[in-house]
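Every number here is computed from the coordinates shown, using simple stated rules; none is lab data. Source: prediction; values computed, not measured. Please note: Cβ atoms are built from the backbone with ideal geometry, for glycine as well, and neighbour counts cover all protein chains shown.
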Amino acid sequence: MEDDLPTEYDVIVVGTGMTESIVAAAASRIGKKVLHLDSNEYYGGLWASFNFDGLQKWMEECRQPNKPSETVDASKAKEGEKLVKAGNQFSTVSNLEEKWYILEEVADSPEGQLSSKITQTEGEEHPASKAAVGPGEGAASSLGGESEKLEKEGNCEKPDSDEAKDNSVLNQRENWSQNKLKKEYRKFNLDLAPKLLFARGSLVELLISSNIARYAEFRSVTRVLTWINGRLEPVPCSRADVFSTQNVSVPEKRMLMKLLSSCLENEDANKEFEGFEDKTFVEYLKSKKLTSNLMHYVLYAIAMATENTLCMDGVNRTQRFLNSLGRYGNTPFLWPMYGSGEIPQCFCRLCAVFGGLYHLKRAADAIIIDANGEKCIGIMSGQQHLETANLVMGVGYAPPDFVKTAPSGGLSRGIFVTDRSILPSDKESLTLLQFPPLDGAREPVTVIEVGHTTNACPKGLYVVHMTCKQQTTAHEDLKAVVEHLLHVEFSDGTVARIDTDIKSTQTAHQEGSSAENPEGADASGERPAALKPQVLWSLFFNCPETSQCDFSADVPSNVFLCSGPDLDLDFEFSVKQAKEIFTKMYPESEFLPRAPDPEEIVLEGEEGSGEGAEQKEGEEQGDAQEGPKEAQSEE
Amino acid sequence: MEDYKFLFKVVLVGNAGVGKTCLVRRFTQGLFPPGQGATIGVDFMIKTVEIDNEKVKLQIWDTAGQERFRSITQSYYRSAHALILVYDISCQPTFDCLPDWLREIEEYASNKVLRVLVGNKIDREDREIPTHVGEDFAQRHSMYYLETSAKEAENVEKLFMEIAAELMEQARSKELPRYENNSPTINGRTTVIGDSNCCSRMS
């Protein structure tokens, strides 16, 4: 049978989540025999990214009531073995809510009309007059005019690109129907667990040092926003930003630079933070007499902390942010192309390249334990009895007995497909927004907005991800932030928008026209409010958060459990956990040493491999560097 | 200083045992059969060829065995310029699986990827799939078609050279920028990534 697997391994890994995949790669890399299984037909488990169709299938699976648990066929166990059934509560997704905000189908003709209207509007000089246009057909042109105006304002310095920009804006106003969106399903990559990478975070360093970076592509996050005084504002994060921002006065700039510098200087740390060891970060910031604007920037956007964060913790978080600046882009963050779900797969690929055996749609039905219950012998998978020296499993696959003492927490997630950015700009932006806790009571919400250049969605659309700690249900937890940022009324694509948002639109017009010079408006810190993005589709769900659990308590000594997605922005927790698990299994071995480049392996290669070591991955620009030539000279 | 003008990613798929690795090794190293164990740790092979006096670097990716249980990572397909779908002309089941492979390709590869169907092992006496059947299938799915023997080095060079020539043609006639809108591939990448500090620069 094709499905027969070899029966003995050094490590069996069950589940293809982030930690599991890193451990699998690390074990395979040092020559261990690895079997990596996942009962799903896709990689990543709760870390996966799906296209639109795949996400629908995933939801269907989630909605199905738990299958009646099959009893484990004890006769398969050999003498002196116990079988423990796999699977537990930590694999469960709850409070799933999907909703459409657009028509199932839009007739062809209105779409044509719409675009001709917009074209007309384009030529007009004073879009402000369009506020007078009533609901109905005119509404659409008004939208076009409005956005055009905003675009122009945002772009005063670079008139050259006006034309291209206007085009892209017009494209954004495409009329989407459910069917049209579904037809484009392949162009979506929607993350269950969206993650950013700190440019000098442990995952980026690991990807580089292990040479796994060659399997992935990234984009820089282009801006960090915050929510302050009831609106969105860019946070100046680089030195250049600080100097060029118009939201911060000159004395404030000096203050900010000074504060950031003192957070970075370790030697003076003791003196600087003396007396604040037991106090909160806010108290420290207050002692620095920061203005409330600056406090907000540093506390919520840079340290991504809360009012309860302790001082040194806040300082560490600030350092983490600052240390990652200036490596790849304007912000400290990277976003994986095609979504976060690519990252575990990169580790799986490395595992496979070094001989790891992969089988999706293959479950570990039961864990085989020795008679004393102290050691795991292997797993039962289908009809096969597979033995292993070590078993690594995603927490969701573990038998309930293995996670008796694990506390349960959860994540609240929201995914939104929208028709424009939460804060339109001249180029497509990749945005991080830490939405501060409102009214002191709620949890901060991490908002990530990605566009089509990351392959998250078709051109003209955006995907907004929201994540926070679960309090009640995802929908409830995220409600306030959703209402602040997005337009979540149903829209038939022609009328609804101007009706419901008329107030904010009018305000925008007034502000725009009262300040003849948009630059002046900027300087005073006032910018016309843009229309909030229309949500086309949304999904809420809750999933377990298990990073706080101590998994070692109830498991046999050679079984290692891996957490699911955590609340943190980056993958750092998984990297740390994977390293710990690997070190327990193989204390003497190096964790993911650099994998050789293909040029270094070529058997008959007549050139030294030293040169190959310097060669960057082929995936970059064709003019990057001179590459080795052995393949060529062979002929 | 430039070592090559174009760089293309070519990926191979198809059932286990149809000779994907052999095709790659034959082309890049002139070897058959490929040395045992050499596969371990090998991700992709690189060969620079010359077409119309231009150097074209081909980066040829193999499946790392993940095809055995139909568990190829999606990321394997990302940003491929050309995709070679291989079956064994002496083994009907490998041909019968082609629709499954096509479905996977549709799902994860760019829809503009250059697709080539290859019937390998024409040195074998026990052919089960006649040439015209393979050709028909290729035509129906708008793929190029070629029969090869990695063992006898038949059509192997031709296969990769034609892919390189076709991709270069596309790149020159600016047909490739179409990728920019979908999945950024090398040509798209040069501009797109340069602009946005993509971390292909990592390392």
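Structure values in brief
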{"item": "Peptide B:75-83 - average C-beta neighbours from other chains (10 Å radius)", "result": "4"}
{"item": "Peptide-level mean, for A:205-218, of C-beta atoms on other protein chains within 10 Å", "result": "4"}
{"item": "Karplus (6.51, -1.76, 1.60) ³J(HN,Hα), θ = phi - 60°, over the stretch A:54-63, in Hz, Gly and Pro reported as x", "result": "x, 5, 4, 5, 4, 5, 4, 4, 5, 6"}
{"item": "Out-of-range pairs (alpha-carbon distance over 18 Å; input A:Lys427/A:Lys459; B:Lys5/B:Lys112; B:Lys9/B:Lys112)", "result": "B:Lys5/B:Lys112"}
{"item": "Span from the the stretch A:351-405 Cα centroid across to the the stretch B:131-167 one, whole angstrom", "result": "43"}
{"item": "Order by protection proxy (mean Cβ within 10 Å, highest first), peptides A:475-486, A:205-216, B:95-106", "result": "A:205-216, A:475-486, B:95-106"}
{"item": "Pairs beyond 30 Å (Cα-Cα), from A:Lys182/B:Lys47; A:Lys99/A:Lys404; A:Lys187/A:Lys579; A:Lys82/A:Lys361; A:Lys180/B:Lys20", "result": "A:Lys182/B:Lys47; A:Lys99/A:Lys404; A:Lys187/A:Lys579; A:Lys180/B:Lys20"}
{"item": "Rg/Rg_ref, the stretch A:353-501, where Rg_ref = 2.2 N^0.38 Å and atoms are Cα", "result": "1.56"}
{"item": "For the stretch B:131-145, Karplus couplings with θ = phi - 60° (6.51, -1.76, 1.60), whole Hz, Gly/Pro x", "result": "3, 5, 5, x, 4, 4, 4, 4, 5, 4, 10, 6, 10, 6, 9"}
{"item": "Sorted peptide list for A:338-345, A:276-283, criterion being average Cβ within 10 angstrom, highest first", "result": "A:338-345, A:276-283"}
{"item": "Peptide A:350-360 - average C-beta neighbours from other chains (10 Å radius)", "result": "6"}
{"item": "Ordering of A:585-591, A:188-194 by packing [mean C-beta count within 10 Å, highest first]", "result": "A:188-194, A:585-591"}
